[in-house]
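FYI, it's all coordinate maths here, none of it is from the lab. Computed from a predicted model, the values in this text were never measured in an experiment. Here the Cβ is made from the backbone with ideal geometry for all residues, glycine too, and neighbour counts use every protein chain on show.
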Protein chains: 2
Amino acid sequence: MKYPQNWQARAIRPDGPSEWFAARVPGNVQYDYGRMMGWGDINYGENANLFLETEDYTWEYQTTLQYECKEGETAVFVAEGIDYRFDILINGFPKVSHEGMFTRVEIPLANGENELTVRIHPHPKSERTEFADRAQAQDSVKPPVCYGWDWHPRLLVSGIWQDVYVETRHADYIRRCEAFYTLNDDFTRAEIRFETDCAAPVEITLYDPDGNEIGKGDAFTIENPRLWWCNGQGEAALYTYTACTAHHEVSGHIGLRRARLIMSDGAWGEPYGFPKGRSVAPIQLELNGRQVFAKGSNWVNPDVFNGHIDEARYETLIQLAHDANMNIFRCWGGSGISKQDFYDLCDKLGIMVWVEFPLACNCYPDDPHYLQILEQEGSAIIKSLRTHPAVVMYCGGNELFNNWSLMTDQSLPLRLLNKLCYELDPKNAYLMTSPIFGMAHGGYTFYDPDAKCDVFTLFQNASNTAYTEFGVPGITDLENLKKIIPEEELFPIENKGSWKLHHAFEAWGDERWLCRDVLERYAQEPLDSLEKMIDHARWLQCEGYKAIFEEARRQAPYCSMAINWCYCEPWITAAGNSLITYPVQPKPAYEAVKTALRPVMASARIPKFDWKAGETFTAQIWLLNDTHQQTETSVDVSLRLGDETHPLFTWNSGLTAANKIGPSVNFVLPDADATDMTLILSAGEQTSQYRLCYRSRTERRVSRQLNV
Amino acid sequence: MKYPQNWQARAIRPDGPSEWFAARVPGNVQYDYGRMMGWGDINYGENANLFLETEDYTWEYQTTLQYECKEGETAVFVAEGIDYRFDILINGFPKVSHEGMFTRVEIPLANGENELTVRIHPHPKSERTEFADRAQAQDSVKPPVCYGWDWHPRLLVSGIWQDVYVETRHADYIRRCEAFYTLNDDFTRAEIRFETDCAAPVEITLYDPDGNEIGKGDAFTIENPRLWWCNGQGEAALYTYTACTAHHEVSGHIGLRRARLIMSDGAWGEPYGFPKGRSVAPIQLELNGRQVFAKGSNWVNPDVFNGHIDEARYETLIQLAHDANMNIFRCWGGSGISKQDFYDLCDKLGIMVWVEFPLACNCYPDDPHYLQILEQEGSAIIKSLRTHPAVVMYCGGNELFNNWSLMTDQSLPLRLLNKLCYELDPKNAYLMTSPIFGMAHGGYTFYDPDAKCDVFTLFQNASNTAYTEFGVPGITDLENLKKIIPEEELFPIENKGSWKLHHAFEAWGDERWLCRDVLERYAQEPLDSLEKMIDHARWLQCEGYKAIFEEARRQAPYCSMAINWCYCEPWITAAGNSLITYPVQPKPAYEAVKTALRPVMASARIPKFDWKAGETFTAQIWLLNDTHQQTETSVDVSLRLGDETHPLFTWNSGLTAANKIGPSVNFVLPDADATDMTLILSAGEQTSQYRLCYRSRTERRVSRQLNV
């Protein structure tokens, strides 16, 4: 029996303790404190800055434990996760000192031990840096994102972020029940074996994915098992089980699948010639023997207050990913690990999960204390995730082998994590970081000023095994902007105040993420209203994301992953790369990505975004098909320019179970009174449209006069 | 007290047991059997083929144990290494079944247990291959080289390859005494700590590198310690110790140093632009805080009969490397691990050791049995090597991430080895394989037919962090050829018989390693005698090796390793890439490499080997200096062509503690009656000479007539 408790909390400030205030559990104490202080919605204006003064406070949660311990029961205080370094005191006596938010803490309770205090120490801040940024997290296993990122305000949250309760237990309490299995090579037989930790015999009952009982025991052989497949490839079949003793019952599910990282097609042919390096690292996901193109998005912290996320929010967000034809989340390390509900829902909805340990963009040290906490937290994370079928791979952290992090293959934290994954879950892959050799991250804007080209061209010139981060920014819709930007700041937009705090400026270079320089490059009218700016940014974000996702798919099978940066956001940003506006509202870019990820679709490889009258417009027509099913499609190709739609040709793909390249468009662009044009691929009831920049002769004359 | 034993052996053949024959221990039973059979010197003619019939024999060693067990002693049978899978029977009863040649086996002996048999099972041969080559070793931790390589005959050796003896021990026997230490960041203090395993107190006495007693105890602090440096960088200082009980004494040495792999200078600046991959992997050796350019050679099995190698042979070979200005051996994984004497001598002579586990060019499996043996053997290897100061890094094996091996970062054997190194010796680096990202292997011939250029050009066009294999073949000298090629086969050379068996043909493509095609490319006379062929091959091998070693050094600090393929050879080859002819005779190429590795030297970057009259000859003049000491040199540059020496210029380098580029030669080559020319750099008493191919106008006319 679990007894949740009522909590109050207070801040220990330099001037002494604050008054006590009601604390939401699970939650974050800074939120509760802000409520007491009357700081208002953190999304609005510059309210977030009010929280900065709380950074170095110590916090205390307090409760008088309420529970009933019956005959034969013992009581245990259980904390599933407290963020980040804390002591637990009972009746004033220290019982536990702990560092790490991903390990569960349990304290047996004696009769009369009722007054419980959780004292949370100030946030870790590395002494190896003088800057108030993510580097302050470089000596701890605290996910660094709350120290500030280009899309996340600096807001150092802590507190009781997972469930805590008193649990009363009989002697036959089931401390652990875990299912392991092997599949034979052709997936026609599964051998399931249960491990339990209990002082009494445990009766386990296994059910098939329809809920029919298979039998009782602790080992099962299943002939022709129903396999767990990711979204788009088949059923996400889940077997279930219950495990019972006289006084206790637990339940769980099992997804039978084999997931591996194998070499991309063609990658073994490289490198050619001497002196010869190594071949690229494997990143092609193979699920149940089938090479799956991984389509998805980077999951980041969906709330500044990570303790507030609940199953309902997870479900809405994951269902949206499912509906957008995604099959994978890369759960970015900077945000840490999610609550168990997240992985349960991914299991259910067939979204594969790339788990990253809480390391990102820092140089985590070879220091004994850090390694000790990392071993503790890493072990807890792996043990809590290894039976989820959705969890297909682990990764040491984000961009650790680049010059803003300065870690290498020899860094002991990454060698330690490899060791832990090997010991605790050797059947899943382990990457030291992303990107590794062959993969790539970026770019993050529609136009790349260094490469001097747009994302259409940039990605067609690239040849990578996986694109696991890339972004195209947009501006948030007006309704949401009004929730965060005070009326008087809305327009004209200036690099200060709420726009700046909400990442429109100086997030990643001066003009990011608003990108006025990029918008103006393609605008053939003055951007003299917020609506016009939003429209232009939306256009580039939608077309840019489609261009990259579809190009990555066309580069299959050498390329096998397209995962954009990023999926959700932790608060309402004014501008940024996410597909979902906080908390759960899809952007137009979400809809664009959804079309670009259709399992079977006509697609155009268009060499650039920006065209002018008189040029010969070219585009390769493709059929994309990642279903592994034979399909045949007839594609009508036309170009709409101004009032006129020019029919170009019809291509019949013939039967194919994979991508197929078709003919190319060659069409001399007439002069027309238009600033855009749309390439239309009609394939039965489906359409793929690409709205491109078009410059008439008139526009160019005007441009020349304006010396643009 | 150790009691060696006298051994006899026999083969268990399909037709029954052979007679007993005397067995050399340590040694290889196939050698002893060959002696009994009268098969002659294995180096001669095609004698090596006679041994093929023994491949699948079972072998038995037998002895009647002779030892004296005094009052208070117990007796133990100790086998330091038996190759590869064996049982030990005493008085006919099986006592031990074991797989693995790198783990020690000990068996306590009771009174009257005198008759000891070692039964060695046939060689492991993987069932996953149908070919009689190295792939047969892919399921075992048997070093694959004896299954046949392009420079090693197929000769499957096994047997008691390390010392075996009966040891009588008192209760205070010291089972283990190991020294560990930490150095502070500026190397001014060492903390040494001893770990012992003994039933009685152990008295440890520590001595400084001059043999003066420092003190007694099990922990020592040394202020301003004398550090261990590799050859060319300082003293290879060794502290020593004795550890005593009443009846037992062991001794050892300690070299105090910190070795790390760090990023090469400039490597963090890459890659540039988006989409962005990872930076290369670190391979720059840093010793005691100093970046050391690693100059050396690939150590391979120096005897077909690996059991016969002794301390004297090791010492001669390692001293030669020391004298050639080398500071590192890459101990290639295909050959396995050497005996302890090898590492002791490397400690003493300052030769750093890159240790490779016994995996090479195969796809070692994720199979539980293989992983179990690898864990056992890997652990034994690391524990036996971790206190040697010379051992600076571990590597999973050779060329495992290339398409002739098909292993990847996800292969469990390589993840397991990472785990073992992390647990048992985390202060030394671990590479999964060589090459990793940034490094390169090859080429192996003077002229590359795919790149259509010679090694001068090939390596100047390359940009790698380390060249850890590259080879230029030569033909063995006439005196040694006569030891292996019967008189009647010597000339003309044909692709068959002894030449072929000794790797002149079909070792690596038809014409390797004799390379008549390459010799003829540069020969301006018919190669109508063996002497002429040997001379031409020697010319290319010497100039080729100098060109590559010096180019790699010029590419410092981005490049930080030059390690040629290979150092020694296991028998007398007719042609090949080694610097030493079996057993210990330096080739002319050894002398050439010795000059190219001088710590301070003038060097010329010559864009190609092959020049003709009328061309403008160019060469950049460099001063190479890897001593980290300031030096200043004046270099006189001249070109000798025919009878004439053309003085070109004098360059004064100025003071420099690193490499420095000087002026370039530009010189229009006159027509001369010559087929070669020599660029001469005189710097005080030192000279660097480069003998290049020169073609006069006459030669070209002749060539045209001959349609060459």
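For the reader, a short list of remarks on this structure follows.
- Computed from phi, the 3J(HN,Hα) profile of the range A:363-372 under the Karplus parametrisation 6.51, -1.76, 1.60 (θ = phi - 60°) reads 9, 6, x, 7, 7, x, 5, 4, 5, 5 Hz, with x in place of Gly and Pro.
- Computed over the range B:2-169, the P(r) curve from all C-alpha pair distances, binned at 10 Å from the origin, holds 10, 37, 33, 15, 4, 0 percent per bin.
- Inter-copy label distances at A:Glu203 (7 Å, Cα→Cβ; nm, one decimal): 7.0
- The packing ranking, built from the mean of other Cβ atoms within 10 Å per residue, places the peptides B:557-564, B:640-647, B:601-608 in the order B:557-564, B:601-608, B:640-647, highest first.
- Sequence of B:Lys419, A:Lys483 once ranked by neighbouring C-beta atoms within 10 Å, starting from the fewest: A:Lys483, B:Lys419
- Helix B:340-349 and the long axis of chain B differ in direction by around 50°, with both axes built from C-alpha atoms.
- Cα shape, the range B:600-706, gyration tensor, a/c 1.5 rule: prolate
- Full-stretch length increase - B:Ser634, B:His369 - with 0.36 nm per residue and alpha-carbon distance subtracted: 89.1 nm
- Taking the C-alpha atoms only, the angle from helix B:530-554 to the longest principal axis of chain B is near 90 degrees.
- The range A:174-259: C-alpha gyration tensor shape, a/c 1.5 cut-off, then a/b vs b/c: prolate
- Descending by average beta-carbon neighbour count within 10 Å, the peptides A:681-688, A:464-471, A:291-298 line up as A:464-471, A:291-298, A:681-688, the highest first.
- Counts of other chain beta carbons within 10 angstrom of each beta carbon in peptide A:482-491 average 0.
- Positive dipole terminus of the range A:2-169, leading residue within A:Gly72, A:Ser140, A:Tyr31 (C-beta point charges): A:Gly72
- Check: the protein assembly as shown dipole with +1 on Lys, Arg Cβ and -1 on Asp, Glu Cβ, in debye: 2320
- Within 10 Å of each Cβ in A:414-420, the average number of Cβ atoms from other chains: 5
- Label 7 Å beyond Cα on the Cβ vector: B:Ile12 copy-to-copy distances, nm: 7.4
- Compactness of the range B:420-573 was expressed as the Cα radius of gyration divided by 2.2 N^0.38 Å, which yields 1.22.
- A:His253 sits among other residues whose Cβ lies under 14 Å from its own Cβ, and their net charge, with Lys and Arg +1 and Asp and Glu -1, is -3.
- Cβ charges +1 (Lys, Arg) and -1 (Asp, Glu), total dipole of chain B, debye: 1660
- Per-residue ³J(HN,Hα) for the range B:223-233, Karplus 6.51 cos²θ - 1.76 cosθ + 1.60, θ = phi - 60°, Hz, x for Gly and Pro: 7, 6, x, 7, 7, 8, 10, 7, 3, x, 10
- Each principal axis of the protein assembly as shown carries a Cα extent, and these read 97, 90, 64 Å when sorted largest first.
- Take B:Thr631, push a point 7 Å out from Cα through the beta-carbon direction, and compare it with the same point in every other copy: 6.8 nm, smallest first.
- Legend: distances between Cα atoms for B:Lys587/B:Lys608; A:Lys532/A:Lys587; A:Lys419/B:Lys427; A:Lys276/B:Lys452; A:Lys276/B:Lys594; pairs beyond 19 Å are B:Lys587/B:Lys608; A:Lys276/B:Lys594.
- Shielding score for B:281-288, defined as the mean number of other chain Cβ atoms within 10 Å: 2
- Anchor B:Lys125: lysines whose Cα lies under 22 Å away (excluding residues fewer than 8 positions away in-chain): B:Lys142
- The Stokes-Einstein estimate for chain B, based on a Kirkwood radius over Cα pairs and taken at 20 °C with 1.002 mPa s viscosity, is a diffusion coefficient of 78 µm²/s.
- Here the range A:129-188 is assigned +1 on the Cβ of each Lys and Arg and -1 on the Cβ of each Asp and Glu. Its dipole about the Cα centre then comes out at about 300 debye.
- Cα centroid of the range B:529-559 to Cα centroid of the range A:557-618, whole Å: 54
- Highest-first arrangement of B:485-492, A:98-105, A:405-412, B:221-228, where packing means the average Cβ count within 10 Å: A:405-412, A:98-105, B:221-228, B:485-492
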